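Scroll down for the structure; my scribbles are underneath it.
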Amino acid sequence: MSLPKQVRLVEVGPRDGLQNEQQPISVADKVRLVDDLSAAGLSYIEVGSFVSPKWVPQMAGSAEVFAQIQRKAGVTYAALTPNMKGLEAAIEAGVKEVAVFGAASEAFSQKNINCSIAESLARFAPLMEAAREQDIRVRGYVSCVLGCPYEGEVPPAKVAEVARELYAMGCYEVSLGDTIGTGTPGKTRTLFDTVAREVPRERLAGHFHDTYGQALANIYASLLEGIAVFDSSVAGLGGCPYAKGASGNVASEDVLYMFNGLDIATGIDLDALIAAGQRISQLLGRANGSRVARARHAG
């Protein structure tokens with residue numbers, strides 16, 4: 001299969017990236033990050049999450065962030081909403097697109113959200129209905145698609161089952177997440193080939209963590225399977241707070257550099273993206289997780 005000519009990057013840094021940072025980050029700094037990403041040409045930015053601050057303290061203030069960002073035409077500013085209460089808060093904040101998440105592993109579902117996969121999906125039914133009534137689009141995430149910290153290998157058929165349920169419920173797109181980063185290219189291709197029997201390829205996305213250094217290889221393998229939407233995080237911010245050792249989403253800068261080299265259009269300015277990543281990394285007092293950014297700023 002030939003590679004897609006164009007791909008869409010879903011920038012998850014402001015939400016998935018920042019949610020694991022220990023130090024408090026001000027609303028103004030979060031707004032600056034989102035505005036920097038908009039200016040760099042990202043067309044989809046996950047801005048925040050409407051969850052209880054008790055569980056994810058860093059996401060407190062998401063409504064204020066949504067109120068203050070400079071919204072650009074043609075850019076989707078989305079939020080994670082795990083339940084009805086979250087959806088209601090998102091609607092109040094003027095959010096037009098939300099995301100929900102399930103897992104392909106029973107053990108991970110229990111540890112992460114204290115319920116079975118079936119129960120988690122059932123909880124989304126009223127949320128999906130309410131979102132439809134409000135004309136809000138819903139994107140679905142499936143965690144642990146290429147391995148689970150508790151169960152090990154996850155059968156692709158199980159992932160396909162969960163993805164099919166989310167798609168049938170009304171998620172216009174389903175993002176498959178390698179939460180602990182153990183996936184490899186061959187398994188990635190098998191995964192998408194299996195899931196694509198239940199959900200059209202053009203409705204699937206890839207979300208790869210770089211824990212084992214496989215993210216770019218897995219993205220390339222996904223391209224070969226006709227996948228053209230990928231989640232990534234500026235400066236490689238973040239991971240999953242519930243998955244031991246899952247340090248690091250793949251850096252948006254590194255993914256973009258690879259796409260540029262493949263002549264795949266994204267509409268994103270690499271230099272502006274690197275500048276955004278440098279700024280937030282310096283603010284957090286941490287090393288930039290993007291190899292491309294580090295190479296550009298070496299010496």
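Remarks
- Applying the condition of being hydrophobic (A, V, I, L, M, F, W, C) and not in a loop (DSSP other than H, G, I, E, B) to segment 1-23 and asking which residue is farthest from Val34 (Cα to Cα) yields Leu9.
- When every residue of segment 223-244 is checked against the conditions, at least one turns out to be more than 22 Å from Glu11 (Cα to Cα) and surrounded by fewer than 24 Cβ atoms within 10 Å (Cβ to Cβ).
- The single condition from (1) open to solvent by 40 Å² or more (accessible area, probe 1.4 Å); (2) part of a helix (DSSP H, G or I); (3) of a type outside the set (Val, Ile, Thr); (4) modelled with pLDDT of 95 or more that Arg71 fails is (2).
- With respect to the conditions (1) under 18 Å from Glu202 (Cβ atoms); (2) open to solvent by less than 30 Å² (accessible area, probe 1.4 Å), Gly170 falls short on a single one, namely (2).
- Some residue of segment 133-147 being in contact with an Asp or Glu (Cβ under 6 Å, 6 or more places away or on another chain), hydrophobic (A, V, I, L, M, F, W, C) and in a helix (DSSP H, G or I): no
- Taken together, the criteria exclude Arg132 from residues that are open to solvent by less than 10 Å² (accessible area, probe 1.4 Å) and among the basic types (Lys, Arg).
- Long-range neighbours under 7 Å by Cβ, at least six apart or interchain, first residue among the acidic types (Asp, Glu) within segment 1-25, second assigned to a loop (DSSP other than H, G, I, E, B): Glu11/Leu42; Asp16/Gly238
- Filter pass, Ser38 being touching a residue at least 12 places away in the same chain (Cβ under 8 Å), closer than 19 Å to Ser281 by Cβ and open to solvent by less than 50 Å² (accessible area, probe 1.4 Å): yes
- Residues that are within 23 Å of Gln214 (Cβ to Cβ) and part of a helix (DSSP H, G or I) were ranked within segment 260-273; the one that is least open to solvent (accessible area, probe 1.4 Å) is Leu273.
- Filter pass, Tyr212 being among the hydroxyl-bearing types (Ser, Thr, Tyr), out of contact with any helix residue (DSSP H, G or I) (no Cβ under 9 Å at 6 or more places or on another chain), touching a residue at least 12 places away in the same chain (Cβ under 8 Å) and surrounded by 15 or more Cβ atoms within 10 Å (Cβ to Cβ): yes
- The residues of segment 110-125 that are of a type outside the set (Ser, Thr, Tyr) and part of a helix (DSSP H, G or I), listed by number, are Gln110, Lys111, Asn112, Ile113, Ile117, Ala118, Glu119, Leu121, Ala122, Arg123, Phe124, Ala125.
- Subset of segment 82-98 [in a helix (DSSP H, G or I) and of a type in the set (D, E, K, R)]: Lys85, Glu88, Glu92
- Residues satisfying the stated conditions in segment 99-109, i.e. open to solvent by 10 Å² or more (accessible area, probe 1.4 Å) and either under 23 Å from Ala168 (Cα atoms) or not in a helix (DSSP H, G or I) (or both): Phe101, Glu106
- Scanning segment 30-53 for residues that are modelled with pLDDT of 95 or more and part of a loop (DSSP other than H, G, I, E, B) yields Ala40, Gly41, Leu42, Ser43, Phe50.
- Breaking point among (1) under 19 Å from the mean Cα position of the chain (by Cα); (2) surrounded by fewer than 16 Cβ atoms within 10 Å (Cβ to Cβ); (3) modelled with pLDDT of 95 or more; (4) closer than 24 Å to Ile117 by Cα, for Arg197: (1)
The values are calculated or read from the model by the stated rules, or taken from the named source; none is laboratory data. All figures in this text were calculated on a predicted structure; none of them were measured in a lab. Cβ coordinates were reconstructed from backbone atoms using ideal geometry, including for glycine residues, and neighbour counts include every protein chain displayed. Calculation scope for accessible area: heavy atoms of the full protein, side chains included, ligands and nucleic acids excluded. Shrake-Rupley method; radii C 1.70, N 1.55, O 1.52, S 1.80 Å.
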